[in-house]
């Protein structure tokens, strides 16, 4: 069954949709509002897919649940819009767009002292619809769909050793404790490097950024504990360039993206000649960088910047569309960094996931050795670059991005899940953060990977 710009399913009965939401709601208290919302706001049959005859009843039920779950978050205006793609064994089962690619823009009087500290947003009179081919700023999903792939290719080619000190490739990255940091430490977030710093306060290009990171003290001892670090993946991007002699984006375009036929994936995205329906191409993200502004200025927010927060004030004061949200990637790395900066759409990301699900092959062509894939996706020793679910009976490798993006794969089932949202476009919540998507992501995984069976009388 092929799915083009919408889902090709047979007719749906509203009653079966409600049954699906009800069953999922019984598994998690947090999903009960979904049922209530749907009961109060009935939807048309065309809005929700039903399986064709070649799908099992169980899989059909799971797809119903996933679709209704994402729909409820958009219909409840928790997020402006989303794109969901689910595939199994290389076959796309569900590919659907929800809501709006841009729903909000800045209103008047939203800035204080030329800084993005307030959130006076206005709904657009004419909102831009979300499409299945809309491209998203992937944020930290860049770590797995770009940087980790680049490292895999180099390991596969024998050009990179995971267990040598990183000064093997970055010769002046030295220090008593820093000498112990390996490439594997960077991939597994055990390098001791700080989670985040506003590198752009002291750097405006990749070379200056490297010097800033090189001179920062370690926050923890090398190898002791998991401490997620953007800085570690910045260094990985630099290592790729040092080994290949080519910038991360160019290397991936030549070695992976172009050979795979990915037309919507890359850093510093160029507008497409054919933007498709209604000219919508990019999902809008934040309105400037109000979150990062608070990370620097608010000492009680959970981040530690030890410099003068007022020494830099080049904050973006507009809605970001087709421009990387992450401040370090944009200001300090010109949009190409190992931790953030990649843009893509659901179909391209699904192709990359399927490459891994099929042990390094795609379209009868081998891109990675089986042993390399198994090295990076190892449930027993721990994955490299990726995170792994500890709540499922099957190993699920996943990663999320700050802009509201999420990719996941259950290789044993050859199941791929891509959820792309533009949560930032709605602006900050009352607590100064963006809408929390962890619940949505977890329940989506549970719905699509658990042994969910339709209740008696379903359909």
query: Taking every eigenvalue of the Cα gyration tensor of region 301-350, multiplying by 5 and rooting it, what semi-axes result, largest first, whole Å?
result: 26, 14, 11
- prompt: For the pair residue 250 and residue 392, what calculated FRET efficiency results from E = 1/(1 + (r/R0)^6), where r is the Cβ-Cβ distance and R0 = 56 Å, to the nearest 0.05?
  reply: 0.90
field: Against the rule of thumb 2.2 N^0.38 Å, how large the Cα Rg of region 144-257 comes out
entry: 1.01
field: Between region 162-236 and region 84-106, the Cα center-to-center distance that results, in Å
entry: 35 Å
message: Please compute the modelled spin-label separation between residue 298 and residue 176, points set 7 Å along Cα→Cβ, answer in nm with one decimal.
response: 3.7 nm
field: Theoretical FRET efficiency, 1/(1+(r/R0)^6), r = Cβ-Cβ of residue 370 and residue 91, R0 22 Å, to 0.05
entry: 0.50
- prompt: For region 258-386, what class follows from the C-alpha gyration tensor (a ≥ b ≥ c being the square roots of its eigenvalues): rounded when a/c is under 1.5, otherwise prolate if a/b is larger than b/c, else oblate?
  reply: oblate
query: Going by the alpha-carbon gyration tensor, a ≥ b ≥ c the square roots of its eigenvalues, is region 138-181 rounded (a/c under 1.5) or, if a/c is not under 1.5, prolate (a/b greater than b/c) versus oblate?
result: oblate
- request: Quick one: give the max-minus-min coordinate of the C-alpha atoms of region 352-459 along each principal axis, largest first, in Å.
  value: 48, 41, 29
message: Using a 10 Å cut-off around each Cβ, can you sort 64, 185 from fewest to most neighbouring Cβ atoms?
response: 185, 64
Relative exposure of 300, 75, judged by other C-beta atoms within 10 Å (fewest first): 300, 75
- line: Looks like region 71-163, by Cα gyration tensor root eigenvalues a ≥ b ≥ c and the a/c under 1.5 rounded cutoff (else prolate when a/b is bigger than b/c, oblate otherwise), is oblate
query: Could you put 134, 117, 147 in order, starting from the residue whose Cβ has the fewest other Cβ atoms within 10 Å?
result: 117, 134, 147
- request: Using only Cα atoms, locate the centre of region 382-431 and the centre of region 330-368, then give the distance between them in Å, rounded to an integer.
  value: 14 Å
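Bear in mind these aren't lab numbers, they're just calculated from the coordinates by the rules spelled out. All values reported here derive from a predicted model rather than from experimental measurement. Glycine also receives a Cβ, built like all others from the backbone with ideal geometry; neighbour counts cover every protein chain displayed.
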